[in-house]
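Undergrad: Quick one: the structure is below, and I'll ask about it shortly.
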Amino acid sequence: MQSRGLLIGVSVLAVLCGWLWWSDKKADEAAKNPAKDAKTVRLTDLKTADLVEITVQHAGAPAVQLRKNGALWALSSEPKFAIENDAAVTLATNAASISSDKVVDDNANDLLQYGLDPGQISLEIKDKSGKTEKLLFGDETPVGNLYYVRKPGEKKVFTVPNYIKQGIDKSATDLRDKRLLLLDDANVSRLEVIRKGETLAFDRDKKGTWQLSKPQSYRTDTVVVDGLYNKLREAKLDPASTAEQQKTFAAQFAAGSPVATLQAVDGAGTQKMEVRKSKENLFLAKSSAVPGVYKISEELGAALDKTLEDFRSKKLLDFGFEDPTRIQIVSSGKTTLLEHKGEDWLLNGKKAEASTVHPVLEALRGFSAMKFVKAGLFTTPVFEVSITQSDAKTTEKLLVSKAGNFHYAKREGDSAEYEIDPKTLSDLEDAVKNVKEPGAVPKK
């Protein structure tokens, strides 16, 4: 029995050695004679920048065709949605240069077995010289996450990776610009929010800064306006919404409560969005730029449902994080002058400890109002601060008056009046008192 087992073991070992020898020999032959399917073949080979037309068609479905006009792509097939130009450029890039490094059949007599008779997806691209290239995509291979492809009129079958197929497998819905307002961001110059009979208008300058201009010119909280504008830019439709959903949204919109109507102006004109809140507490929007009614985020709905005061700035001094060059403070008849010269701060002409000036700067930067008040409450100023900003040209002046326990502030040259927290003023006065010369003991 032992002899028989030993004989079987020797036989298995011999077979294994023979298989290893054969494998090594085949590997050597493969290294000396590369396989034909290792050669990279260009299946489409045009320059992306030269493409002027792209057609993608699924078997049994209408073609999706794009044409280029100048630098922009547009759908020339129905439905003619506005499309995202970046998505079209990506499609053009993917389609212009497709390669394969594997041939599976040099002369396929049965193309049907590969899903290539005629094909599941056809791609056709044309450049500005009129040169056209076509490619057919078939079934997925059994293994390897690859797809069969061929050129029309040829029987040679190649494979390409799944990511190549996915890169050109686009529908009109995939390419559609899903924004509810199709704004040219660089040229948006004005926003108007109309709500509850009041129109708020915001004008944007070349630096991108928003300024309230209606119902009158007010200092503006640009962070709040930017928040509204950014949510507006992000508002998108759901391209997968069904006809039944659209019908439901339209009915809910018709019965809903008005929230606001927004108008945005760019270089192409004015676009409009009307927002209502349904009984189901959904914010629904109807845009002049795209047909239909769509659900929008609660954040955008809340950003539109703001009052004039929400958009006004309660910050009373505008100088930013760059230190001013001169600060003059008059309090109880006493004048304090802080000057920034080079690396040094001077207190009434004498060098001051910089670390004791910083609390004054922070107090001034944080000087804000509690609320806006009607004109006429401000009287004789008991405190004033003048700031010359770092450009040495811009000066702003803030005045504070007192009436009983209330303190009111007003900027020079501005009719708006504000109520401030007395502690805001006392914190600033304390910070000024604690400015000291190097080595001096701070005042208590």
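The values are calculated or read from the model by the stated rules, or taken from the named source; none is laboratory data. Quantities reported herein were computed from a predicted structural model and do not represent experimental measurements. Every residue, glycine as well, gets a Cβ built from its backbone with ideal geometry; the counts of neighbours run over all protein chains shown. Calculation scope for accessible area: heavy atoms of the full protein, side chains included, ligands and nucleic acids excluded. Shrake-Rupley method; radii C 1.70, N 1.55, O 1.52, S 1.80 Å.
Condition check ((1) touching a Ser or Thr at 6+ places or on another chain (Cβ under 7 Å); (2) in a loop (DSSP other than H, G, I, E, B); (3) of a type in the set (Phe, Trp, Tyr); (4) surrounded by 14 or more Cβ atoms within 10 Å (Cβ to Cβ)) across all residues:
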| position | (1), (2), (3), (4) |
| --- | --- |
| Pro152 | no, yes, no, no |
| Thr159 | yes, no, no, yes |
| Gly167 | no, no, no, yes |
| Asp174 | no, no, no, yes |
| Leu182 | no, yes, no, yes |
| Ala201 | yes, no, no, yes |
| Gly208 | no, yes, no, no |
| Gln211 | yes, no, no, yes |
| Gln216 | no, yes, no, no |
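Undergrad: Further, regarding this structure: Return the residues of region 184-199 that are outside any strand (DSSP E or B) and either within 15 Å of Ala264 (Cβ to Cβ) or among the hydrophobic types (A, V, I, L, M, F, W, C) (or both); say none if nothing qualifies.
TA: Asp184, Asp185, Ala186, Asn187, Val188, Ser189
Undergrad: If you scan region 76-103, which residues turn out to be open to solvent by 40 Å² or more (accessible area, probe 1.4 Å) and out of contact with any strand residue (DSSP E or B) (no Cβ under 8 Å at 6 or more places or on another chain)?
TA: Glu78, Pro79, Asp86, Thr90, Thr93, Asn94 - these are the residues of region 76-103 that are open to solvent by 40 Å² or more (accessible area, probe 1.4 Å) and out of contact with any strand residue (DSSP E or B) (no Cβ under 8 Å at 6 or more places or on another chain).
Undergrad: Hey, another quick one. Looking at region 362-375 only, could you name the residues that are open to solvent by 60 Å² or more (accessible area, probe 1.4 Å) and farther than 13 Å from Arg411 by Cα?
TA: Glu362, Met370, Lys371, Lys374, listed by residue number.
Undergrad: Exactly one of (1) over 21 Å from Ile164 (Cα atoms); (2) touching a residue at least 40 places away in the same chain (Cβ under 8 Å); (3) open to solvent by 60 Å² or more (accessible area, probe 1.4 Å) is unmet by Leu112. Its number?
TA: (2)
Undergrad: For region 115-131, name all the residues that are of a type in the set (S, T, N, Q) and over 24 Å from Tyr163 (Cβ atoms).
TA: Ser129
Undergrad: Continuing with this model, one more query. Only one residue in Gly144, Gly130, Gly119 is closer than 12 Å to Glu53 by Cα and assigned to a loop (DSSP other than H, G, I, E, B). Which one?
TA: Only one candidate qualifies: Gly130.
Undergrad: Another one. Specify which of the listed residues (Lys350, Lys306, Lys341, Lys334) is out of contact with any Pro (no Cβ under 9 Å at 6 or more places or on another chain) and closer than 30 Å to Gln211 by Cβ.
TA: Within the list Lys350, Lys306, Lys341, Lys334, the selection yields Lys306.
Undergrad: Of all residues in region 252-270, which are closer than 14 Å to Ile194 by Cβ and surrounded by 16 or more Cβ atoms within 10 Å (Cβ to Cβ)?
TA: Val259, Ala260, Thr261, Leu262, Gln263, Ala264, Val265
Undergrad: Out of contact with any Leu (no Cβ under 7 Å at 6 or more places or on another chain) and at pLDDT below 95: which single residue out of Gly197, Gly167 fits that description?
TA: Answer to the selection: Gly197.
Undergrad: Under 7 Å by Cβ, and 6 or more places apart or on different chains, what pairs join a residue from region 117-140 that is exposed (fewer than 14 other Cβ atoms within 10 Å of the Cβ) with one that is outside any strand (DSSP E or B)?
TA: That search, which allows pairs on different chains as well, returns Asp117/Leu111; Lys128/Asp50; Lys131/Leu46.
Undergrad: Just one of Glu299, Glu309, Glu322 is open to solvent by 30 Å² or more (accessible area, probe 1.4 Å), touching a Ser or Thr at 6+ places or on another chain (Cβ under 6 Å) and either of a type in the set (Val, Ile, Thr) or in contact (Cβ under 8 Å) with a residue 12 or more places away in the chain (or both); which is it?
TA: Glu322
Undergrad: Going through region 396-423 one residue at a time, which ones are touching a residue at least 24 places away in the same chain (Cβ under 8 Å), within 19 Å of Gly320 (Cβ to Cβ) and open to solvent by 30 Å² or more (accessible area, probe 1.4 Å)?
TA: Arg411, Asp414
Undergrad: Any residue in region 73-86 that is among the β-branched types (Val, Ile, Thr) sitting within a Cβ distance under 9 Å of a residue that is open to solvent by less than 60 Å² (accessible area, probe 1.4 Å)? List the pairs, counting only those 6 or more apart or interchain.
TA: Close Cβ pairs (under 9 Å, with a partner that is open to solvent by less than 60 Å² (accessible area, probe 1.4 Å)) amount to Ile83/Leu66; Ile83/Trp73; Ile83/Ala74; Ile83/Leu75; Ile83/Ala172; Ile83/Leu175; Ile83/Arg176; Ile83/Asp177.
Residue by residue, here is whether (1) under 19 Å from Asp238 (Cβ atoms); (2) touching a strand residue (DSSP E or B) at 6+ places or on another chain (Cβ under 6 Å); (3) of a type in the set (S, T, N, Q) holds:
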{"site": "Val265", "(1), (2), (3)": "no, yes, no"}
{"site": "Leu282", "(1), (2), (3)": "yes, yes, no"}
{"site": "Ile296", "(1), (2), (3)": "yes, yes, no"}
{"site": "Glu299", "(1), (2), (3)": "yes, no, no"}
{"site": "Ser313", "(1), (2), (3)": "no, yes, yes"}
{"site": "Phe321", "(1), (2), (3)": "no, no, no"}
{"site": "Trp345", "(1), (2), (3)": "no, yes, no"}
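Undergrad: Could you please let me know if Ser241 is modelled with pLDDT under 95, open to solvent by less than 40 Å² (accessible area, probe 1.4 Å), over 19 Å from the mean Cα position of the chain (by Cα) and over 24 Å from Ser368 (Cβ atoms)?
TA: In short, yes.
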